[in-house]
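Derivation of every value follows stated rules applied to the coordinates shown; laboratory data play no part. In this text the structure is predicted, and so the values were computed from the model without any measurement. Positions of Cβ are generated from backbone atoms using ideal geometry, with glycine treated the same way; all protein chains shown enter the neighbour counts.
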Amino acid sequence: MKINPYLMFDGNCEAAFKFYEQCLGGKITMMMSHKEAPSAEGVPPEWHDKIMHACLDLGDRLLMGSDCPPGYFEMLQGFYVQVSVPEAAEAERIFYALAENGKVKMPIAQTFWSVRFGMLNDQFGTPWMVNCEQVV
């Protein structure tokens, strides 16, 4: 079993996924707007360019998301998207890239369980943990 996060956005899903593709690597394999979907006629015209479904392929995991219909968006809370990498330098690169125009909750640093660990909310409001575990 694999569990993949599905993030909801308030109209900025396309910008978020292009940002995540740049920060995390991987490749956007799907970015479908509402006007491209079979149900386009049921969506208000001002919503046609919003994203119905996006998928970022990160190798063995996927990051997926979409724009919520108007009036349905709720701020993300009660979870973090956790990224684990094997190298401290890569953890720092990803952390600082995601933190651009965001809010650092816990600066990236060595902890008792990891070589590097940090927490932040990115510029889109998505909460992230970046971790580089210690090799035992």
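The table below lists the values:
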read-out: Cα-based shape type of the stretch 6-67, given that a ≥ b ≥ c are square roots of the gyration tensor eigenvalues and the cut on a/c is 1.5; value: prolate
read-out: 20 Å cut-off, amide nitrogen to a point 7 angstrom out along Ala40 Cα→Cβ, residues in the stretch 65-93; value: 66-70
read-out: Rounded tilt (10° steps) of 13-24 against the dominant C-alpha axis of the chain; value: 30
read-out: Rg/Rg_globular for the chain, with Rg_globular taken as 2.2 N^0.38 Å and Rg from C-alpha atoms; value: 1.14
read-out: Positive-end extreme of charge dipole, the chain - chosen from Val43, Ser114, Ile28 (charges on Cβ); value: Ser114
read-out: About the Cα centre, charge dipole magnitude for the stretch 21-74 (Lys/Arg +1, Asp/Glu -1 at Cβ), debye; value: 100
read-out: Eligible aspartates and glutamates near Lys2 by straight Cα distance, threshold 16 Å, same-chain separation 8 or greater; value: Asp57, Asp60
